[in-house]
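Asks: Structure provided below as structure tokens; questions to follow.
Each reported figure results from applying straightforward, stated rules to the coordinates on display, with no laboratory input. Small disclaimer: the values here were computed from a predicted structure and weren't measured. Every residue, glycine among them, receives a Cβ derived from its backbone with ideal geometry; neighbour counts consider all protein chains shown.
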Amino acid sequence: MTRLRMPTGVPGARMLGLGSAQPERVVGNEELSRQVDTTDEWIRKRVGIVNRRIAGKDQSLVDMAVEAGGKAVADSGLGPSGIDTVIVATCTMPAGIPQAAAQVADRIGIKTPGAFDVNAACAGFCYGLAAASDMIRAGSAGNVLVIGAEKLSDWIDWSDRSTSVIFADAAGAAVVGPAEQPEIGPVAWGSAGDFVEVIGTTPEGRIYQEGQSVFRWATSSITPTALAAVEKAGLAPSDIDVLIPHQANLRIVEAIARQLRSAGARTDMIVADDIIESGNTSSASIPMALDHMRAAGTVRGGDVMLLVGFGAGLTYASQVVICP
Amino acid sequence: MSNEQILTDLAAIVEEVAGVDQAEVTADKSFVDDLDIDSLSMVEIAVQAEDKFGVKIPDDELANLKTVGDAVTYIASNV
């Protein structure tokens, strides 16, 4: 039997750089409450959002991905020539073809990389990060640029008060490379296709979600996945310094934090709350929150972070990552 | 499990989820009007109660549980 030669691979992977991008335009709750039947108080209490950023017609999903990805590549110190694979996690491209990753890479100046998009909705960044880490460990990739990018505003019915106050636009990115000592832990992931109908798009291409069903799922099924990621990494909940759940709804973020603390996480564990000023940006929310928190000094190099993605599909994925 | 024990355990869940003092959580209290608990917190309380008592509390049943006593009775008859 013919034997195929395979690359040797490396022990692990780690984050080398971060970046994010948001549109200029800030949309506050007061502005929305003039358009749909809602109030600032209701939005703050039920969703926890104060402001969100919405892109204009002249700023595409790819534009935001290029900006965030370019910053992460610069931050890594590698330069575009050091990247050989690009993954874009997204669920809001205008059409299925063309995909985002190849054109994003070209505009950043990354020549002929392996390039593909991942659609795991709001869990997409954690799925892409897991793929990147394992491709590097197996030796299929050297340094990988992983981007979460969404232009949800193109898919919002601005007369629907249940979605228009929640979703927003952004991109977040990380460069991942080889490491002798692994700094990206094993992924714990899964899906619940039997709940496919609770988040989706209408025939007119507008996002809908059954809020209470999604809330129930997120507050009952996600913490076990996060705890599984901690266990797989050989750690205990008390080892987690920083919790970065997908910024779906502040109430969900707080519920996951409370449940993790009941399971042994520390009371001084830092919990991402980027949703307050950024809204729910689906696959962009985790890398952007991380980038914002690092810039603000809220997280520091070496911190043990727990990333927790969950979203439409339904899909979920979680892993422990050491802050670069 | 006695109704008293269910009430004690339920009150602990309500305190953890909604920050309401356990002593306030008595059978005659309305979740919404007396304890100021909104529908999202009710979902969280239901999720934790399902786990604690081994019952199913679907959304349509949850909507009928107006008072703490309603919840205790529902849990007691469905365990």
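Asks: Looking at B:D38, is it free of Cβ contacts under 8 Å to residues at least 40 places away in the same chain and more than 14 Å from chain A (Cβ to nearest Cβ)? Working first, answer last.
Replies: Details: free of Cβ contacts under 8 Å to residues at least 40 places away in the same chain: yes; more than 14 Å from chain A (Cβ to nearest Cβ): no.
For B:D38, the condition - free of Cβ contacts under 8 Å to residues at least 40 places away in the same chain and more than 14 Å from chain A (Cβ to nearest Cβ) - is not met.
Asks: Give just the number: which of (1) under 19 Å from the mean Cα position of the chain (by Cα); (2) closer than 27 Å to A:P94 by Cα; (3) surrounded by fewer than 19 Cβ atoms within 10 Å (Cβ to Cβ) does A:K151 not satisfy?
Replies: Condition not satisfied by A:K151: (3).
Asks: If I filter the stretch B:50-57 for residues that are in contact (Cβ under 8 Å) with a residue 40 or more places away in the chain and either in a loop (DSSP other than H, G, I, E, B) or not charged (D, E, K, R) (or both), do I get at least one hit? Walk me through how you get there before you give the answer.
Replies: So in the stretch B:50-57, the residues in contact (Cβ under 8 Å) with a residue 40 or more places away in the chain come out as B:52-53.
Now narrow it down to the ones that are either in a loop (DSSP other than H, G, I, E, B) or not charged (D, E, K, R) (or both): B:53.
Within the stretch B:50-57, one or more residues are in contact (Cβ under 8 Å) with a residue 40 or more places away in the chain and either in a loop (DSSP other than H, G, I, E, B) or not charged (D, E, K, R) (or both).
Asks: Still on this structure, I have one more. Scan A:A141, A:A173 and give me the residue that is part of a loop (DSSP other than H, G, I, E, B), more than 14 Å from chain B (Cβ to nearest Cβ) and in contact with a strand residue (DSSP E or B) (Cβ under 6 Å, 6 or more places away or on another chain). Show your work before the answer.
Replies: Values: A:A173 fails: part of a loop (DSSP other than H, G, I, E, B).
Testing whether each residue is part of a loop (DSSP other than H, G, I, E, B), more than 14 Å from chain B (Cβ to nearest Cβ) and in contact with a strand residue (DSSP E or B) (Cβ under 6 Å, 6 or more places away or on another chain) leaves just A:A141.
Asks: So, one more: State yes or no: is A:I83 away from every other protein chain (no Cβ under 14 Å), touching a Pro at 6+ places or on another chain (Cβ under 8 Å) and farther than 18 Å from A:D274 by Cβ? Even if it seems obvious, please write down each step before you answer.
Replies: Values: away from every other protein chain (no Cβ under 14 Å): yes; touching a Pro at 6+ places or on another chain (Cβ under 8 Å): yes; farther than 18 Å from A:D274 by Cβ: yes.
Yes.
Asks: So, one more: I'm trying to understand the selection: among the residues of the stretch A:108-128, which are over 14 Å from A:P287 (Cβ atoms), assigned to a helix (DSSP H, G or I) and out of contact with any Ser or Thr (no Cβ under 7 Å at 6 or more places or on another chain)?
Replies: The answer is A:I108, and nothing else.
Asks: Taking into account only those residues within the stretch B:58-72 that are within 14 Å of chain A (Cβ to nearest Cβ) and part of a helix (DSSP H, G or I), which is surrounded by the fewest Cβ atoms within 10 Å (Cβ to Cβ)?
Replies: Step by step, filter the stretch B:58-72, then rank; the result is B:D60.
Asks: Taking A:Q247, is it under 14 Å from the mean Cα position of the chain (by Cα) and over 26 Å from A:P23 (Cβ atoms)? Show your work before the answer.
Replies: Numbers: under 14 Å from the mean Cα position of the chain (by Cα): yes; over 26 Å from A:P23 (Cβ atoms): no.
In short, no.
Each row is one residue, and each column tells you yes or no for (1) touching a residue at least 12 places away in the same chain (Cβ under 8 Å); (2) buried (at least 21 other Cβ atoms within 10 Å of the Cβ); (3) of a type in the set (D, E, K, R).
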{"site": "A:W155", "(1), (2), (3)": "yes, no, no"}
{"site": "A:R161", "(1), (2), (3)": "yes, no, yes"}
{"site": "A:I166", "(1), (2), (3)": "yes, yes, no"}
{"site": "A:A174", "(1), (2), (3)": "yes, yes, no"}
{"site": "A:D194", "(1), (2), (3)": "no, no, yes"}
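Asks: Here's a follow-up. How many of the residues in the stretch A:287-317 are part of a helix (DSSP H, G or I) and more than 16 Å from A:I147 (Cα to Cα)? Step through it out loud before you land on a result.
Replies: So the first thing to find is which residues in the stretch A:287-317 are part of a helix (DSSP H, G or I), and the list is A:287-296.
When the remaining residues are screened for being more than 16 Å from A:I147 (Cα to Cα), the result is A:293-296.
Selection size over the stretch A:287-317: 4.
Asks: Does the stretch B:1-35 hold any residues that are within 14 Å of chain A (Cβ to nearest Cβ), in a helix (DSSP H, G or I) and either at positive phi or more than 10 Å from the chain's Cα centre (by Cα) (or both), and which are they?
Replies: Correct list: B:E15, B:E16, B:V17, B:A18.
Asks: Then there's this: Only residues that are within 20 Å of B:D59 (Cα to Cα) and either among the polar types (S, T, N, Q) or surrounded by fewer than 14 Cβ atoms within 10 Å (Cβ to Cβ) (or both): list them for the stretch B:1-31, please.
Replies: Passing the criteria: only B:S30.
Asks: Also: Give me the helices (runs of 4 or more DSSP H) completely within the stretch A:177-286, filtered to those with at least 2 residues that are more than 30 Å from A:G28 (Cα to Cα) and away from chain B (no Cβ under 14 Å), ordered by residue number. First the steps, then the outcome.
Replies: Details: elements: A:211-232, A:250-262, A:275-278.
Ranges flagged: A:211-232.
Asks: Follow-up. For the stretch A:121-162, enumerate the residues that are among the aliphatic types (A, V, I, L, M) and touching a Cys at 6+ places or on another chain (Cβ under 8 Å).
Replies: Answer for the stretch A:121-162, where residues must be among the aliphatic types (A, V, I, L, M) and touching a Cys at 6+ places or on another chain (Cβ under 8 Å): just A:A121.
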